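Please read the structure below before turning to the comments.
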Amino acid sequence: MNDFDIIIVGAGSAGCVLANRLSADPTRRVCLIEAGPPDRNPMIHMPFGLAAIAHMRWLNWGYETEPEPQLNHRRLFWPRGRVLGGSSSINAMIYMRGHPQDYHDWAKSAGEAWDWPHVRAIFKDLEANQALSDDHHGTTGPLTVSNLTQPNPLSRAFVQAGAECQYPVNPDFNGESQTGVGLYQVTQKNGRRFSAARAFLEPALNRPNLTLIPKAQVHRVLIEGRRAVGVSLATRDIRLREGGEVVLSGGAINSPQLLMLSGIGPGAELQAMGIPVLHDAPEVGANLADHLDITVQAALKGREAIGIAPTFLPRGMRAARAYLQHGKGEFTSNIAEAGGFVTSDPSRDRPNLQFHFIPAYLHDHGRRLSLGYGLTLHVCDLLPKSRGRISLASPDPMAPPRIAANYLSHPDDLPTLLDGLKIARRITQSPALARYIRQETLPGQHLVTDAQLEADIHARAETIYHPVGTCQMGHDPASVTDPEGRVRGVTGLRVVDASLMPQIIAGNTNAPTMMIAENIARMMLTRRA
Ligand SMILES: Cc1cc2nc3c(=O)[nH]c(=O)nc-3n(C[C@H](O)[C@H](O)[C@H](O)COP(=O)(O)OP(=O)(O)OC[C@H]3O[C@@H](n4cnc5c(N)ncnc54)[C@H](O)[C@@H]3O)c2cc1C
């Protein structure tokens, strides 16, 4: 356990890509350490099982934010995967790269290697698209991307309703243009979830130079002088060979926490916790950005939705059989089947709102069951200006960190979400969807004025699960890492995961995180060669 060239902490979206790419070089001994268990639970692999995973605390860090001042001091639930595959094993599987302009912005902070032409090529290299094979897509990469096998008729009605509201129907959000409404493509293979663990880790597991240690939570990085030399677990240390590197891929909450537990972070705060300060870096944990989301919900006249009702039982049994026998049917649904991107503010250079349409009731992230047949239309602010922070609540590595998302702390963010809520409502009221709807249940028809809808946002808005940016990379010496993920102030230590993003992506964050890992793996391989 003392002679690894690379120790990767966290087998999530980024960690699995890194483990595969770095261990492809047989001269490199790679160790991958994951706090969670192997991904054996069938609910992980059956796409619709994601509704049940929210209840499974043993696969989920199940974080809570601090009371959010602009959200009526509510604590928000922040699920994160704690299992092989990380959040890619519990997410909604939507395959989305973001907008080219996102990466032009990244390039301003972190250089050309992060600009759209370069990262676009990496997205294509990683992708095995089963349905699209034009210039925008790859077809031979390790990550299978598919169309949904059986979208619900309500999801198609949502697309039609969007078109009735003059939004273009978009057959490919990762193609020519991101704008419009449509069905999402998903990271699924043969109707089953294709997590980062399945796409990248499984094919590498029999390599003799890759060691996987599941169910082991790293407590801190071991640093001697100013060089990382290994990591510390509850009962033992794992050390690097001379010249090796520790890579933190614990995600946007845990990677900054691990840096702080290791003495790299805001000096005064660490000192107050009794942690010796190795490198005073106030920006560790700062720059936290996330997509805040609000929903319109409606009760249906009929039974088209996926419902929790005795009448759904025969259909549910058929769905289970179709899934088990053929990898088809309603249980291959990723739940957030359709959606789209629109611009409510003409001064923006890219869409600032995203929809996720769910042909079911969904309350409290699936933790609260609602009887009956309904639909839920989510809308989130894609380009929020509010920023939050991860900080330590305790020097105990097993204690969760403090998450202060600071949603709506910037005055521009509430008007954007209000615009989104009104547009979402308009879509549900347009004929293609309205004909299915018995009654809007949320926000509720009695709420009509801006003041009422704003109060509803304060009372109900939730995360749509895209925290990023807490170990921001960049050329600026104030950023946590350089553009290759190397942590400033220490050698032999990188961060490679969603926390590197200098700005939040205008889209879902799983594929961009895998792209980050692939990009940095290539940099690491070329440096050594
Ligand atoms: C419910 C949900 C739905 C989502 N839906 C989508 C979607 O449909 N499409 C999309 O693009 N994105 C989606 N996302 C977001 C996307 O999945 C994440 O942005 C992405 O997976 C982040 O990757 P990561 O590598 O940064 O972190 P993660 O994938 O979270 O990986 C971090 C890993 O590190 C491990 N770890 C952390 N700390 C330690 C430690 N101290 N020691 C050992 N191991 C540790 C964790 O257990 C975890 O396995 C969703 C996220 C969630 C939670």
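The values are calculated or read from the model by the stated rules, or taken from the named source; none is laboratory data. Just so it is clear, the model here is predicted, and its values are computed rather than measured. As a convention, Cβ positions derive from the backbone with ideal geometry for all residues, glycine included, and neighbour counts pool all protein chains shown.
Side notes on the structure shown:
- Of everything in region 31-51 that is within 11 Å of the ligand (Cβ to nearest atom) and at pLDDT below 95, the residue that is surrounded by the most Cβ atoms within 10 Å (Cβ to Cβ) is 50.
- The set of residues from region 86-116 being among the small types (Gly, Ala, Ser), part of a loop (DSSP other than H, G, I, E, B) and either out of contact with any helix residue (DSSP H, G or I) (no Cβ under 7 Å at 6 or more places or on another chain) or more than 8 Å from the ligand (Cβ to nearest atom) (or both) comprises 98, 111.
- Among residues of region 165-210, those that are of a type in the set (Ser, Thr, Tyr) and over 29 Å from residue 32 (Cβ atoms), counted: 4
- When residues in region 1-30 are screened for being within 15 Å of the ligand (Cβ to nearest atom) and of a type in the set (D, E, K, R), 1 of them pass.
- With respect to being closer than 23 Å to residue 45 by Cβ and assigned to a helix (DSSP H, G or I), residue 154 falls outside the description.
- Candidates 278, 300, 261 - the one that is within 16 Å of the ligand (Cβ to nearest atom), of a type outside the set (S, T, N, Q) and at pLDDT 95 or above: 261
- Single match in 83, 119, 159 (criterion: crowded, with 18+ Cβ neighbours inside 10 Å, modelled with pLDDT of 95 or more and in a loop (DSSP other than H, G, I, E, B)): 83
- Out of 459, 478, 498, 506, sole residue that is surrounded by fewer than 22 Cβ atoms within 10 Å (Cβ to Cβ) and either within 14 Å of the ligand (Cβ to nearest atom) or under 30 Å from residue 77 (Cβ atoms) (or both): 459
- Between 302, 329, 307, the distinction of being farther than 25 Å from residue 164 by Cα and either charged (D, E, K, R) or out of contact with any Leu (no Cβ under 9 Å at 6 or more places or on another chain) (or both) belongs to 329 only.
- Scanning region 52-61 for residues that are part of a loop (DSSP other than H, G, I, E, B), more than 10 Å from the ligand (Cβ to nearest atom) and not aliphatic (A, V, I, L, M) returns a single hit, 55.
- Among the residues of region 500-515, just one is more than 18 Å from residue 89 (Cα to Cα) and in a helix (DSSP H, G or I), namely 500.
- Residue satisfying all of: in region 31-62; among the charged types (D, E, K, R) and within 25 Å of residue 148 (Cα to Cα); nearest to the chain's Cα centre (by Cα) among these: 39
- Region 290-304 - residue that is touching a strand residue (DSSP E or B) at 6+ places or on another chain (Cβ under 6 Å) and small (Gly, Ala, Ser) and, of those, surrounded by the most Cβ atoms within 10 Å (Cβ to Cβ): 298
- Filtering region 379-426 to residues that are in contact with a helix residue (DSSP H, G or I) (Cβ under 8 Å, 6 or more places away or on another chain) and either within 30 Å of residue 312 (Cβ to Cβ) or basic (Lys, Arg) (or both) leaves 379, 380, 385, 421, 422.
- Residues of region 509-526 satisfying the condition of being of a type in the set (Ser, Thr, Tyr) and within 7 Å of the ligand (Cβ to nearest atom): 509, 513
- Scanning region 231-252 for residues that are within 14 Å of the ligand (Cβ to nearest atom), surrounded by fewer than 24 Cβ atoms within 10 Å (Cβ to Cβ) and of a type outside the set (D, E, K, R) yields a total of 5.
- Among the residues listed as 422, 385, the single one being surrounded by fewer than 18 Cβ atoms within 10 Å (Cβ to Cβ) and under 20 Å from the mean Cα position of the chain (by Cα): 385
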